[in-house]
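Step one of this worksheet: look at the structure below.
The values are calculated or read from the model by the stated rules, or taken from the named source; none is laboratory data. Not measured: the values here are computed from a predicted model. Quick reminder, even Gly has a Cβ in these numbers, built from the backbone with ideal geometry, and neighbours come from all protein chains shown.
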Amino acid sequence: MKTRISILIVLFITTLTYAQEKKWTLKECVEHALENNLRVKQNEYLVESSREDVVSAKGNFLPDLGASASSRINSGLSQDQDGVLKNTNNFTSSFNLSSSGVIFNGFRNLNTSKQAALGVESSKMDLQKMKDDISLNIINAYLNILFARENLNVANTQLEISNQQVEVAQAQFDAGVKPKGDLLNAQSTVATDAQNVVTLENTLDLALLNLAQLLQVSPEGFDVTDIDVGTPSASLLYDNANVVFEKAINNRPEIERAKLDVENSELAIQIAKGAYTPTLSYSLGVGTSYFHQFNNLLPNQSNSNFFQQFNDRFQKGVGLSLNIPIFNRLQTKASVNKAIINQKLSELELENQKLQLRQTIEQAYLDAKAAAKSFESARISLDAQNESFKNAQESYNLGAMTSFDFEQVRNRLVNAEATLIRAKYDYVFKTKVLKFYYGEPILD
């Protein structure tokens, strides 16, 4: 028994340790979000609901079928065959089976069925749009973690450099080469850098928390794998915004959704006009009945048995019905006019969606273009600051530069490194946004 308990404890600890050490990849984050996001699940149910609308619309082509049965006991005065009122008690029962359907109603059933099919596609486009938005949010949150982690790494490096400068300043102070003020300045820099490390650690924790909440998972032990974004090319992937727009207009779900709405409005006009046409329907029915009189039977008269009456009273019927609309208080005319207005609104909404998409892509292209220039400028600036820092560090170590001047050079280097990191991840994300609208994979 003790052995089993020990094994279970070891397995539990191993599983817990593995869960805590597991690092999420970008692809895993996106896939998990799309599979578990509550809003995505809601929209998936909406797609299923729209499919049921298709089933219902197709059912309008089928005849209905219904059965009925009734029984009644009568007691009181009723005429016999001689016309004499007598107090009688009798029982009656009837059984019926009926069916009816539409032969023609101005193609309203057909157009309603087409509308339901479009509704399924529209729901799918809404779902895809939501998934795309969630994917972009996840990628942005993921890159924010990498950005915060790289900033933290730079801060830790700067803290190590500051500690080394304290050692140099301490040695120079002990040798009488530098005043105590330089040592205190170096120690103050270490304290500032240590505080900056704590701040950036908190920034990283908040970025991890944000992504964990988007994924709806516990933030305890949550972490992601690093992506080597390297040094992205400063040249843009596409020549101009119009190249991206021409591709996006054929693959974006919001545009497809607007096109489906236009088709839907055209069908709505046909459905409304269908009310002008006659409706031809049919009906089928079979039935029988049973009668039993309990008293006041004529001499030599008796009630027939149930099955004989069931057979003798059996009836069949077939009917056709033609309903011709003549005047319905202008209701049909108003419905047709409203459907035409809704069609025009749908067409305007399609153009509005295209305009918004173009504006969004043009803004994204300009943002990416500006980010590329900022990234290139930041890279050039960092190279210059690195050279300046190397020279300053040698001068400081030789005692040819004051600690204040050295600190100014170091601060410029730190700012240049932070600017480059920020520009790099900003450029990477905005490049992915352009690839997203162009229809290229963005999880690489």
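Things to note:
- No other residue among VAL224, VAL217, VAL244, VAL190 is assigned by TED's automatic domain parsing to the domain that holds TYR142, more than 25 Å from LEU413 (Cβ to Cβ) and in contact with a Ser or Thr (Cβ under 8 Å, 6 or more places away or on another chain) apart from VAL224.
- Test: residue in the stretch 254-267 that is farther than 27 Å from LEU357 by Cβ and in contact with a Leu (Cβ under 7 Å, 6 or more places away or on another chain): no
- In the stretch 317-332, residue nearest to VAL262 (Cα to Cα) [restricted to those that are outside any loop (DSSP other than H, G, I, E, B) and in contact with a helix residue (DSSP H, G or I) (Cβ under 9 Å, 6 or more places away or on another chain)]: THR332
- Hey, ASN111 in contact (Cβ under 8 Å) with a residue 24 or more places away in the chain, assigned by TED's automatic domain parsing to the domain that holds ASN415 and out of contact with any Ser or Thr (no Cβ under 7 Å at 6 or more places or on another chain) or not: yes
- Only listed residue being touching a strand residue (DSSP E or B) at 6+ places or on another chain (Cβ under 6 Å), surrounded by 11 or more Cβ atoms within 10 Å (Cβ to Cβ) and of a type in the set (Phe, Trp, Tyr), chosen from PHE306, PHE245: PHE306
- The residue that is farthest from LYS435 (Cα to Cα), among those in the stretch 351-387 that are of a type in the set (A, V, I, L, M) and surrounded by fewer than 17 Cβ atoms within 10 Å (Cβ to Cβ), is ALA384.
- Annotation note: of LEU434, LEU420, LEU413, the sole residue that is part of a helix (DSSP H, G or I) and closer than 25 Å to ILE249 by Cα is LEU434.
- Hits in the stretch 40-66 - residues which are surrounded by 11 or more Cβ atoms within 10 Å (Cβ to Cβ) and of a type in the set (Gly, Ala, Ser): SER49, SER50, SER56, ALA57, GLY59
- Residue match in the stretch 78-100 (condition: of a type in the set (Ser, Thr, Tyr) and more than 30 Å from HIS292 (Cβ to Cβ)): yes
- Only residues that are of a type in the set (S, T, N, Q) and in contact with a helix residue (DSSP H, G or I) (Cβ under 7 Å, 6 or more places away or on another chain) were counted across the stretch 173-214, and they come to 6.
- ARG149, sole failed condition from (1) basic (Lys, Arg); (2) surrounded by 17 or more Cβ atoms within 10 Å (Cβ to Cβ); (3) within 30 Å of ASN397 (Cβ to Cβ): (3)
- Test for ALA364: is it within 30 Å of VAL197 (Cβ to Cβ) and part of a helix (DSSP H, G or I): no
- No other residue among ASN391, ASN415 is more than 30 Å from VAL428 (Cβ to Cβ), surrounded by fewer than 17 Cβ atoms within 10 Å (Cβ to Cβ) and of a type outside the set (Asp, Glu) apart from ASN391.
- Residue selected from the stretch 215-251 under the condition out of contact with any helix residue (DSSP H, G or I) (no Cβ under 8 Å at 6 or more places or on another chain) and of a type in the set (Gly, Ala, Ser), by the criterion modelled with the lowest pLDDT: GLY230
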